[in-house]
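Asker: Take this structure first; my questions come after.
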Amino acid sequence: MAIAFAVMALVLEQGFRKSAEQALQERLQVQIYALLSVAELLPNGRLKISDEFLHEPRLATPGSGLYAFVHKKNGVMIWRSASALGLKNSLNTDPKPGESLFVRQLDEPSRFALQYDIIWEGDSGKEYEFIVTIAEEARFLDQQIETFRQTLYYWLLIFAVFFLIILFAVIRWGLRPLREIGNDLHAIEQGEIEFLKGSYSSELQLLAHNLNGLINSERAHLTRYRNTLADLAHSLKTPLAILRGCLEAGDKIVSSRETIQNQVDRMNDIVEYQLQSAAAKGQKQISGRIVVLPVLEKIIHSLEKVYGNKNIRFELVIPEHFSMCCDEGDFYEIAGNLLDNACKWCKSKIKITIPNNCHYNYSCLSIEDDGPGIALENLDNILKRGVRADQNIDGHGIGLAVVNELVNLMGGTLKGEKSQELGGMKWVISIEQRCGE
Amino acid sequence: MRILVVEDEQVLCQQIQDFFTQKGFAVDVAHNGTDGLHIGNEYPLDIAVIDIGLPDFSGVELIKQLRQKNKAFPILILTARTRWQDKVEGLDAGADDYLVKPFYFEELLARVNALIRRSVGNAHPVLTCKNIELNSVSQEVFVDKQKLELTAFEYKVLEYLMFHQGEVISKATLTEHIYNEDYDRDSNVLEVFIGRLRKKLDPEGKTDPIETLRGRGYRIGE
């Protein structure tokens, strides 16, 4: 803003200067005509101008600041006014007859001069060329400009201060809603309120709504961490108690060994489940969308290595840009666990597709295999932590239970059914299409 | 078979080392990535078991560096991280399998054996050559369906030759794969093992299962 004011001052000053110089030029032109009106051409070609006939009294007063000169074309001075006694006049260029030239002369004292080239025809018909110069000392114009400049700067400064005060007041008033939100956020930090509840302007309503969503999500996450820690601590107490009992029953070594093994397995399951559960983001408000195909391809590539002996054929029928409203890490867990499960149980084929009967408000993904499948009556139990369909193959129950919890956290569903095409198990996950709802 | 175990937790490393030694492996150990990289580059290994959380640089980085040096032996990663993104990262880096801690040692052995078999093109745990049958899981050897008793080193020699049927295996290579780095080797002992094996596999001298190629090495099969 300071630059704008400076530029404005400069422009105004320049404008005034030009206007003042223009006015001076016109005044000097009038003076030239007045001078010529009292001039007389003598028969010898000289010009006679009598001081007593001059219209401008300043020309008759020495040191008045207004001067007049007449030169021949060759530059020889043939007359000067009484005010110009002792002064020289330099002719700047060679004007043409009828031409005026307005210049600032640097002679001492500095002055503005208007030089006018005239041709005067005598009675005999002979033409005589003269250059008439009227000059005024620059100090008069400079004084004018200085006065203007001071007045201009003074009033611009007053205006700038006034403008700044108004601007400051407007900004303070305009940012008041943001300050309100800031104060409310501070109150949330202090625990005085739970959510942003103020009546904010319509422009900030969306921001307040999204901030509340973020606060909700982080609070839910924190709650889940706390609950997971508490769950973990409580769940481990029982196996620890059993292990202590084994230590104290020192003579029953064989049964102790089996008990210790069981309790170690149990503690491991608890730790693994709670770890995966705590790490899950789950909340779809801030999860964003993930394009699923690259993730599925990476997981399949990894599983092809791990299950290399089985020579599993993966059929991946997913459009390139198909996405789901899910955190990337959570999707890795969902897809990784389901595909790992399918690899463990399948004979040789696994198919990943988008099911036809998916509700239009949802994004769905199905993973099916040609394994033995799971009896429908066991499905509910399978999704509960720690229950395994077949004790011969490790890690069946934990993985599906984690997937179930993750999908539920996102407001979606995990359904298991028999695969009509491959004859084994088919798992379908459905997650709402729109994130942030 | 020669196995490298890279694990910074000393107690667990000792347990794994003892376990595999008991199972007939020649075991080299390292407790950090730098040592693991050195052993992996310098010695001919059949498999490596690498922990992800190493003190100097991660197990994933170690795997990448081994693969960049064209070390093709199979690698199984041990990890406490159960997140799928971490597992995929390790397998993408060049590992062939993973095992999450805590694990059963028998499961570790089964996966290691499966990876070794896969690396030599044998999916099945039972290897056969003429009238000899070797079960790499149970470590039993049968000749004409009769079980044969072999010492640990005799079994190691036979197992290595059976895994590389038809290939000429030099004495040096055989020595590298049945002894670990620290073992005090005597090259004549290998000839004694081969001699004893021949007698046990073919007491009547009819089939001559192990062929000696003078100046080159030994071969079984073909």
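Asker: Does A:Leu196 qualify as being surrounded by 14 or more Cβ atoms within 10 Å (Cβ to Cβ), outside any helix (DSSP H, G or I) and touching a helix residue (DSSP H, G or I) at 6+ places or on another chain (Cβ under 6 Å)? Can you show your working first?
Answerer: Values: surrounded by 14 or more Cβ atoms within 10 Å (Cβ to Cβ): yes; outside any helix (DSSP H, G or I): yes; touching a helix residue (DSSP H, G or I) at 6+ places or on another chain (Cβ under 6 Å): yes.
Yes: the conditions hold for A:Leu196.
Asker: Limited to region A:384-437, what total is found for residues that are within 14 Å of A:Asp369 (Cβ to Cβ) and modelled with pLDDT of 85 or more?
Answerer: 14
Asker: Okay, next question. Residues in region B:118-132: is at least one outside any strand (DSSP E or B), touching a Leu at 6+ places or on another chain (Cβ under 7 Å) and of a type in the set (Ser, Thr, Tyr)? Can you show your working first?
Answerer: Within region B:118-132, the first condition is being outside any strand (DSSP E or B), and the residues that meet it are B:118-125, B:130-131.
Of the ones still in play, those that are also touching a Leu at 6+ places or on another chain (Cβ under 7 Å) are none.
For region B:118-132, residues outside any strand (DSSP E or B), touching a Leu at 6+ places or on another chain (Cβ under 7 Å) and of a type in the set (Ser, Thr, Tyr): absent.
Asker: If you don't mind, another one. Considering each of A:Arg80, A:Arg58, A:Arg104 in turn, give the residue that is surrounded by 16 or more Cβ atoms within 10 Å (Cβ to Cβ), of a type in the set (Lys, Arg) and within 25 Å of A:Ala20 (Cα to Cα). Full working, then the answer.
Answerer: Details: A:Arg80 fails: within 25 Å of A:Ala20 (Cα to Cα); A:Arg104 fails: surrounded by 16 or more Cβ atoms within 10 Å (Cβ to Cβ).
On inspection, the qualifying residue turns out to be A:Arg58.
Asker: Follow-up question, since we're still on this one. Assuming B:Leu108 fulfils every condition listed in (1) touching a Pro at 6+ places or on another chain (Cβ under 9 Å); (2) touching a residue at least 40 places away in the same chain (Cβ under 8 Å) apart from one, which condition is it?
Answerer: (1)
Asker: If I filter region B:93-110 for residues that are more than 14 Å from every other protein chain (Cβ to nearest Cβ) and either buried (at least 16 other Cβ atoms within 10 Å of the Cβ) or within 29 Å of B:Arg196 (Cα to Cα) (or both), do I get at least one hit?
Answerer: Here is the first cut: in region B:93-110, the residues more than 14 Å from every other protein chain (Cβ to nearest Cβ) are B:109.
Filter again for either buried (at least 16 other Cβ atoms within 10 Å of the Cβ) or within 29 Å of B:Arg196 (Cα to Cα) (or both), leaving B:109.
Among the residues of region B:93-110, at least one is more than 14 Å from every other protein chain (Cβ to nearest Cβ) and either buried (at least 16 other Cβ atoms within 10 Å of the Cβ) or within 29 Å of B:Arg196 (Cα to Cα) (or both), which makes the answer yes.
Asker: Residues in region A:45-58: is at least one assigned to a strand (DSSP E or B) and modelled with pLDDT of 85 or more? Let's see the steps before the verdict.
Answerer: As a first pass, look at region A:45-58 and keep what is assigned to a strand (DSSP E or B): A:47-49.
From the residues that got through so far, the ones that are modelled with pLDDT of 85 or more too are none.
No, region A:45-58 contains no residue that is assigned to a strand (DSSP E or B) and modelled with pLDDT of 85 or more.
This table checks each residue for (1) surrounded by 11 or more Cβ atoms within 10 Å (Cβ to Cβ); (2) among the polar types (S, T, N, Q); (3) farther than 30 Å from A:Ile166 by Cβ.
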residue	(1), (2), (3)
A:Phe5	yes, no, no
A:Val11	no, no, no
A:Glu21	yes, no, yes
A:Gln29	yes, yes, yes
A:Ala39	yes, no, yes
A:Leu54	yes, no, yes
A:Leu66	yes, no, yes
A:Val70	yes, no, yes
A:Leu85	no, no, yes
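Asker: So which pairs qualify, if the first residue must be in region A:319-338 and closer than 12 Å to A:Cys364 by Cα and more than 13 Å from chain B (Cβ to nearest Cβ), the second must be of a type in the set (Phe, Trp, Tyr) and part of a helix (DSSP H, G or I), the Cβ gap must be under 6 Å, and the two must be at least 6 apart or on different chains?
Answerer: The qualifying pairs do not exist here.
Asker: Related question: Across region A:1-49, what is the total count of residues that are over 21 Å from A:Thr151 (Cα atoms) and of a type in the set (Val, Ile, Thr)?
Answerer: Final tally of qualifying residues: 4.
Asker: Does A:Glu26 qualify as being touching a strand residue (DSSP E or B) at 6+ places or on another chain (Cβ under 6 Å), without any contact (Cβ under 8 Å) to a residue 40 or more places away in the chain and of a type in the set (D, E, K, R)? Step through it out loud before you land on a result.
Answerer: Values: touching a strand residue (DSSP E or B) at 6+ places or on another chain (Cβ under 6 Å): no; without any contact (Cβ under 8 Å) to a residue 40 or more places away in the chain: yes; of a type in the set (D, E, K, R): yes.
Spelling it out, it is not the case that A:Glu26 is touching a strand residue (DSSP E or B) at 6+ places or on another chain (Cβ under 6 Å), without any contact (Cβ under 8 Å) to a residue 40 or more places away in the chain and of a type in the set (D, E, K, R).
Asker: Have a look at A:Leu42, A:Leu24 and point out the one that is modelled with pLDDT under 85, over 44 Å from the mean Cα position of the chain (by Cα) and aliphatic (A, V, I, L, M).
Answerer: That would be A:Leu42, the only listed residue that is modelled with pLDDT under 85, over 44 Å from the mean Cα position of the chain (by Cα) and aliphatic (A, V, I, L, M).
Asker: Listed residues A:Pro97, A:Pro62; which is out of contact with any strand residue (DSSP E or B) (no Cβ under 7 Å at 6 or more places or on another chain), in the same structural domain as A:Glu129 (by TED's automatic domain parsing) and outside any helix (DSSP H, G or I)?
Answerer: A:Pro62
Asker: For the structure I just gave you, tell me whether A:Glu377 is surrounded by fewer than 24 Cβ atoms within 10 Å (Cβ to Cβ), within 14 Å of another protein chain (Cβ to nearest Cβ) and either free of Cβ contacts under 8 Å to residues at least 24 places away in the same chain or in contact with a helix residue (DSSP H, G or I) (Cβ under 9 Å, 6 or more places away or on another chain) (or both). Explain how you work it out, then say what you get.
Answerer: Details: surrounded by fewer than 24 Cβ atoms within 10 Å (Cβ to Cβ): yes; within 14 Å of another protein chain (Cβ to nearest Cβ): no; either free of Cβ contacts under 8 Å to residues at least 24 places away in the same chain or in contact with a helix residue (DSSP H, G or I) (Cβ under 9 Å, 6 or more places away or on another chain) (or both): yes.
No; evaluated as a whole, the condition is false for this residue.
Asker: Mind checking whether some residue in region A:311-325 is buried (at least 22 other Cβ atoms within 10 Å of the Cβ) and out of contact with any Pro (no Cβ under 7 Å at 6 or more places or on another chain)? Before you say what the answer is, go through the steps one by one.
Answerer: First pass over region A:311-325, keeping only residues buried (at least 22 other Cβ atoms within 10 Å of the Cβ): A:324-325.
Subset that is out of contact with any Pro (no Cβ under 7 Å at 6 or more places or on another chain): A:324-325.
Yes, that holds for at least one residue.
Asker: All but one of (1) of a type outside the set (D, E, K, R); (2) more than 45 Å from the chain's Cα centre (by Cα); (3) more than 11 Å from chain B (Cβ to nearest Cβ); (4) surrounded by fewer than 22 Cβ atoms within 10 Å (Cβ to Cβ) hold for A:Tyr307, so report the exception by its number.
Answerer: (3) is the only condition that A:Tyr307 fails.
Asker: I would also like to ask the following. Restricting region A:417-437 to residues that are surrounded by fewer than 19 Cβ atoms within 10 Å (Cβ to Cβ) and part of a strand (DSSP E or B), which is farthest from the chain's Cα centre (by Cα)?
Answerer: Only one residue tops the list, namely A:Lys418.
Asker: Return the total of residues in region B:35-78 being touching a Lys or Arg at 6+ places or on another chain (Cβ under 7 Å) and part of a strand (DSSP E or B).
Answerer: 2
Asker: Please identify the pairs in which a residue from region A:1-14 that is modelled with pLDDT of 90 or more has its Cβ atom under 8 Å from the Cβ atom of a residue that is of a type in the set (D, E, K, R) and assigned to a helix (DSSP H, G or I), counting only partners at least 6 apart or on another chain.
Answerer: Filtered contacts from region A:1-14: A:Glu13/A:Arg149.
Asker: Is it fair to say A:Leu211 is surrounded by 11 or more Cβ atoms within 10 Å (Cβ to Cβ), at pLDDT 85 or above, among the aliphatic types (A, V, I, L, M) and out of contact with any Phe, Trp or Tyr (no Cβ under 8 Å at 6 or more places or on another chain)? Give the steps one after another, and end with the answer.
Answerer: On the way: surrounded by 11 or more Cβ atoms within 10 Å (Cβ to Cβ): yes; at pLDDT 85 or above: yes; among the aliphatic types (A, V, I, L, M): yes; out of contact with any Phe, Trp or Tyr (no Cβ under 8 Å at 6 or more places or on another chain): yes.
Against the criterion (surrounded by 11 or more Cβ atoms within 10 Å (Cβ to Cβ), at pLDDT 85 or above, among the aliphatic types (A, V, I, L, M) and out of contact with any Phe, Trp or Tyr (no Cβ under 8 Å at 6 or more places or on another chain)), A:Leu211 qualifies.
Asker: Any residue that is outside the structural domain of A:Ile382 (by TED's automatic domain parsing), part of a helix (DSSP H, G or I), in contact with a Gly (Cβ under 6 Å, 6 or more places away or on another chain) and buried (at least 16 other Cβ atoms within 10 Å of the Cβ) - is there at least one of those in region A:175-191?
Answerer: Taking region A:175-191 and keeping what is outside the structural domain of A:Ile382 (by TED's automatic domain parsing), we get A:175-191.
Of the ones still in play, those that are also part of a helix (DSSP H, G or I) are A:176-189.
Restricting the remaining residues to those that are in contact with a Gly (Cβ under 6 Å, 6 or more places away or on another chain) gives A:180, A:184.
Narrowing further to those that are buried (at least 16 other Cβ atoms within 10 Å of the Cβ): A:180, A:184.
Yes, region A:175-191 has at least one match.
Asker: Identify, from the list B:Ala123, B:Ala152, the residue that is closer than 28 Å to B:Thr207 by Cβ, more than 14 Å from chain A (Cβ to nearest Cβ) and out of contact with any Phe, Trp or Tyr (no Cβ under 9 Å at 6 or more places or on another chain). Give the derivation first.
Answerer: On the way: B:Ala123 fails: more than 14 Å from chain A (Cβ to nearest Cβ).
Going through B:Ala123, B:Ala152 in turn, just one is closer than 28 Å to B:Thr207 by Cβ, more than 14 Å from chain A (Cβ to nearest Cβ) and out of contact with any Phe, Trp or Tyr (no Cβ under 9 Å at 6 or more places or on another chain): B:Ala152.
Asker: Return the residues of region A:293-304 that are closer than 22 Å to B:Asp96 by Cα and either facing chain B (nearest Cβ under 9 Å) or not β-branched (Val, Ile, Thr) (or both); say none if nothing qualifies. Walk me through it before giving the result.
Answerer: In the first step, residues of region A:293-304 are kept if they are closer than 22 Å to B:Asp96 by Cα; the result is A:294-304.
Within region A:293-304, A:Pro294, A:Val295, A:Leu296, A:Glu297, A:Lys298, A:Ile299, A:His301, A:Ser302, A:Leu303, A:Glu304 meet the criteria.
The values are calculated or read from the model by the stated rules, or taken from the named source; none is laboratory data. Here the structure is a predicted model, which means the values were calculated and not measured. We place every Cβ from the backbone using ideal geometry, glycine too, and count neighbours over all the protein chains shown.
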